[in-house]
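Below is one structure, written out as C-alpha cells, with a few remarks after it.
The values are calculated or read from the model by the stated rules, or taken from the named source; none is laboratory data. Remember, predicted model here, so these are calculated numbers, not experimental data. When we count neighbours, we look across all protein chains shown, and the Cβ atoms used for this are built from the backbone with ideal geometry, even at glycine. These area figures cover heavy atoms from the full protein model, side chains too; ligands, DNA and RNA do not enter into them. Shrake-Rupley method; radii C 1.70, N 1.55, O 1.52, S 1.80 Å.
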Amino acid sequence: MTETKVNRKRRLSPFFRQMLAVSGVVMYMIGTGANIAFPGVLLQQLRQPGSVLKLTLEHESWIASILGLALISGILVAPFMMQRLGRRLSNMLSTLPSLAGWALMVAAKDPTALLISRSLQGFGMGVQAAAAPISIAEYSAPRHRGAFLATIAFSFATGMLIAHIFGTILFWRQAALACGSFYVLSLILISLSPETPPYLASVGKFEECRKTFRWLRGSDDESEKELEVMLNSQKKKTIVSPEVSKIKYYMNIVMSPGFYKPTVIMMFMFVLFQISGMTVVPSYTVPMMNEVSGGHIESYTSMLMVDIVRFATAVLSCVVVNKFNRRTVLFFGIYVSVVSLLLTSILLYVRDFGYLPEKYKWIPVIPTLVYIFGKTIGILPIPWAIAGEIFPLAYRSLGSGISGMFLSLMFFVVVKTAPTSFRQIGVKGTFCLYGLCIALCGAFLYYLLPETKGKTLYEIECHFKGVKDTKGNVEEKDRMLEKVEEG
C-alpha cells in the first residue's frame, strides 16, 4: 500500500503540480473576465422598459468604469500584502471583496448598490492584478512559464464569454450569482496550493523553500542549479547592511536600473493593454457591434461572435506564447490590431458616404473580428507574461504595484470616456484613434522591451542590472551577485 502511494506520488509530474498550483489564480482570472464583461449584458437588460432599476447614461458609464478607480485601491495595498503576508494568503484574501461584490449585486435595488458592488469587485481585482502574474511566474519552470502566464489571457476570455452567455440566457441577478461562484472555487483551490518558493526564500525560510521548490519542479540537475542560485542570492541579501533612512532607501530603489527599467516597460505595456480596447470592447460590445454591422446582424449574435473569436484565440495564445519569442508575438498582435482597426474605420467612413451597397454593409465586421484576434493573440497575453517575469525579486511587489496603477488609471479613463467617444466621433473615429495610439506604444516598446522567453527569473534580473553572461554554474553566478552588491 505504501509502495503504491509512492508510485502515485512519483507519477504526478512537475508540470501537473505546477498546473495545480496556478489553478486557483486562473479561476480567479475567469471571475475577473466576468467582472469586466458583465456590464455588456447588465446594462442591456436594465435598459428594457420593464426594468425595476432605472439608470441614466451617467450611471451606465460609472458602472462600467468604476472598476478602474477601485482597482487603484486594491493595487495600493497589494505590494504590502504580498511582502508581509505572502503570495498565497494575498490571493486568498483578494477573493473575499469580490465575493461580497457579487453578493451585493444579486441583492441590489438601486444604482448606488450596483456601484458599491462594482467597487468591491474592483478592489479585489486590484490586489489580484498585482499578485496573479507574480504568483504564476514564481510557481512555473522557465520552459512552462510562458504557457502558464498566457492562461491569464485565456481566463479573461473565458470569463468574458461565460458572463455574456449567462447574461444572454439568464436574468441578470441569476447571471451575477453564477459568475460569483468562480471566486468560491478560486478560494478553495488557492487554499490547497503552497506558498511560492521565491517568496519563502526572500523571508529566510530556506528549508521550506527547498521542499516546495522540489515538489513543484522536481530534483533534476537544471532545477537544482536554479534553486541554489535563488537561495544563494537571497542568503547574501540577509547580510546586515548599514542603517539608512527610508527616504534614501526608496531613492536607491528608484535609481536602480533593476527597478526603473522594468517599471517604465510595464507602464507602456499596460497603457497598450487598455488603449487596445481590452476592457472597452467587453463592456460595450453590443452597441459597438451594432454600429459596425450596420444593424444587419442581431446584436447578441454579434456579441457572441466576438466572444467566440476571443476565446478561441486565447486558447491558441497559450501555445503561441510558449512556442515563440515574446517580442515576436507582441509585435505581431500590434501589427494585426493596428491594420484591422484602421481598415474597419475606413470601411465605416466609406459606408457612411454611401459607397457600400446595402448587401455589403456588414463587411466591416470582418476586420473587426480580425482586430479581436490580433489583440487577443498578442496584446492580451504578453503584458501579463512580462509582468510576471520582468521585476527582480527584491522589487517585485513594489514594481507590480506601481505599474498596476497605470493599468487601473487607464482602465478608468478609457472605459469612462468610451461612451462619449462613441457619441462624438463614432466607432469609426474611436477605432482610428485607438489604432494610432497602439502604434505609438508599439514603437516605444520596440526599443525598450528585451526578450525574456526561456530565461530564468534570475537571468532576467541580471539583464536589467547590467550583468552579462548570466549562463553558467552556481559559483560563477555567486561571483556576479557579489559584484552587483558591491556596485
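Of the cross-linked pairs LYS225/LYS375; LYS248/LYS453; LYS225/LYS465; LYS248/LYS455, which ones have a Cα-Cα span greater than 26 Å in the structure shown? Over 26 Å apart, Cα to Cα: LYS225/LYS375; LYS248/LYS453; LYS248/LYS455.
With a simple spin-label model that places each label point 7 Å from the Cα along the Cα-to-Cβ direction, the separation between ALA103 and LYS248 comes to 4.9 nm. One chain, two ends: SER191 and LYS359. Fully extended at 0.36 nm per residue, the span grows by 54.9 nm beyond their Cα-Cα distance. The VAL52 and TYR335 beta-carbon pair, evaluated with R₀ = 45 Å, returns a calculated FRET efficiency of approximately 0.45.
Annotation for segment 427-462: GluC sites (Glu not before Pro) lying in DSSP loop with at most 16 further Cβ atoms inside 10 Å of their Cβ are GLU451. Given the rule -39500 (n - 2.57) for each run of at least 4 DSSP H residues, summed and divided by the residues of the chain, what is its mean residue ellipticity at 222 nm, to the nearest 500 deg cm²/dmol? Taking each H run of at least 4 residues, the total per residue is -27500 deg cm²/dmol. The equivalent ellipsoid of the chain has semi-axes of 40, 25, 21 Å, largest first, where each one is the square root of 5 times an eigenvalue of the Cα gyration tensor.
Computed from label points 7 Å out along Cα-Cβ, the spacing between VAL413 and SER13 is 4.5 nm.
Length gained on full extension, LEU436 to LEU316, computed as 0.36 nm times the residue gap minus the Cα-Cα distance: 40.6 nm. Surface composition of the chain: carbon plus sulfur atoms hold 67% of the accessible area, using a 1.4 angstrom probe and ignoring ligands, DNA and RNA. Using the 1.4 Å probe convention, the accessible area of the chain works out to 42 Å² per residue with neighbouring protein chains retained.
The longest part of the chain holding none of the exposed loop trypsin sites (Lys or Arg not before Pro), meaning those outside H, G, I, E and B in DSSP with at most 12 other Cβ atoms within 10 Å, is 110-467.
Only helices reaching 15 angstrom along their own axis (Cα) with mean Kyte-Doolittle hydropathy no lower than 1.0 count here, and for the DSSP H runs of the chain these are 14-46, 57-85, 172-191, 257-275, 299-323, 326-352, 396-448.
Each label was represented as a point 7 Å from its Cα along the Cα-to-Cβ direction; for LYS323 and LEU170 these points are 3.5 nm apart.
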